[in-house]
Each structure stands twice: as C-alpha cells, then as structure tokens.
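Below: one structure, written as structure tokens.
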Amino acid sequence: MVEGHYVYEHAFSYDMEVSHFDVSETGTMDFYSDGTALDSVRQVYHVTLADGDTVMWVYNYISPSRWRLEGDTLFFVGIKEGFRMEVVEGEATELTQKIANAYRSGIDYEYKFHLDTLTAEKLQWSFTYRDGHSDMWTFFRELKIEN
C-alpha cells in the first residue's frame, strides 16, 4: 500500500544558463487514499555562476499532486494551481525566479516512475530521463501520531 507519510532526502545536479547547480533536498511526501499527494521539501541550491562565483539559495517547495499505481508503474503529476516554490534563504534574483518558473512550467507533466521497492517501511522509485541518465528516490514511511 503506497498511502502514508514518508520522509526523504535526495540530491541532484544540473546546468542552466552557463551556471552549475548542486541541489540537495529534505522533505516529506504524503500519499492519500483518494489519489492525491503532497510533496513538501526544503531545497538547498549551491550554484557556481559563469564567472566562478558561488551562491546559495534555500527554497520552500510545496507541490500538491495526483498519483496512481498500475503494476510497477507509479504515475505522478503535480497540480499547478497549488504549486509554490519560494526563496526562504539567500537573495531572490532573476535567476532564482527562472529556477522556480522552470519547475512551475513542467509541474503538470505526468511522470511514470518505476516502483522499485514498496514495503511497510520503504518506498523507492526510479526514473530514466530522455538523455538516458537515471535517478532514484527513497522514501521512508513515518508513522504520524494523531492527537
């Protein structure tokens, strides 16, 4: 059963506009039985700019989503209307807005993740990008204590 509250850490890097981005994220993912989900993440960006200077930004990333499981494929798509990505540490710049806009522009793309592992404690999925590189996310189920 996918439904539940999970915690996760993930890291990735990419290049954009002659700058290099190393990103680490720590977050929670809640999967609900009605097919909705909520991804809440603290993303830390370490950026090497074209001139060699480095900057750091921290974003608060909130993405309500929809999901469904068919066999070992987990379909996952963000809901653009509720998506937020805001700089909470570091100076907001034109580049920080371009980063957020890049996410926002593709948030409603439906990803097809391969479900690698699903146990009572762990959910792990992987994705292969168009350029052939793969990435993996590992989520650890956390019990929520209701008051």
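The values are calculated or read from the model by the stated rules, or taken from the named source; none is laboratory data. Fair warning: this is a prediction, and the values are worked out from it, not measured in the lab. Neighbour counts are summed over all protein chains in view; Cβ atoms, including those assigned to glycine, are modelled from backbone coordinates with ideal geometry. These area figures cover heavy atoms from the full protein model, side chains too; ligands, DNA and RNA do not enter into them. Shrake-Rupley method; radii C 1.70, N 1.55, O 1.52, S 1.80 Å.
Structure data summary
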item	result
Sites I62 and V18 - FRET efficiency at Förster radius 30 Å, r taken between beta-carbons, to 0.05	0.55
Accessible surface ranking that places the most exposed of M1, M56 first, with a 1.4 angstrom probe	M1, M56
Within the chain, helix-based [θ] at 222 nm, where runs of 4 or more DSSP H residues each add -39,500 (n - 2.57), nearest 500	-3000 deg cm²/dmol
T128 accessible area, 1.4 Å probe, all protein chains in place, Å² to nearest 10	90 Å²
Apportionment of accessible area to carbon and sulfur, the chain, percent (1.4 Å)	52 percent
C-alpha long axis of helix 94-106 to longest principal axis of the chain, angle in °	30 degrees
Rounded to the nearest 10 Å², the accessible area of E142 at probe 1.4 Å	80 Å²
Rounded accessible area per residue of the chain, 1.4 Å, Å²	58 Å²
Mean-position separation - Cα centroids, the stretch 60-139 and the stretch 1-30, in angstrom	8 Å
Bins of 5 Å, starting at 0 and running to the largest distance - Cα pair percent for the stretch 27-147	2, 9, 16, 21, 19, 16, 10, 5, 2, 0, 0
Rounded FRET efficiency, nearest 0.05, which uses the C-beta distance separating N101 from T138 and R0 of 30 Å	0.60
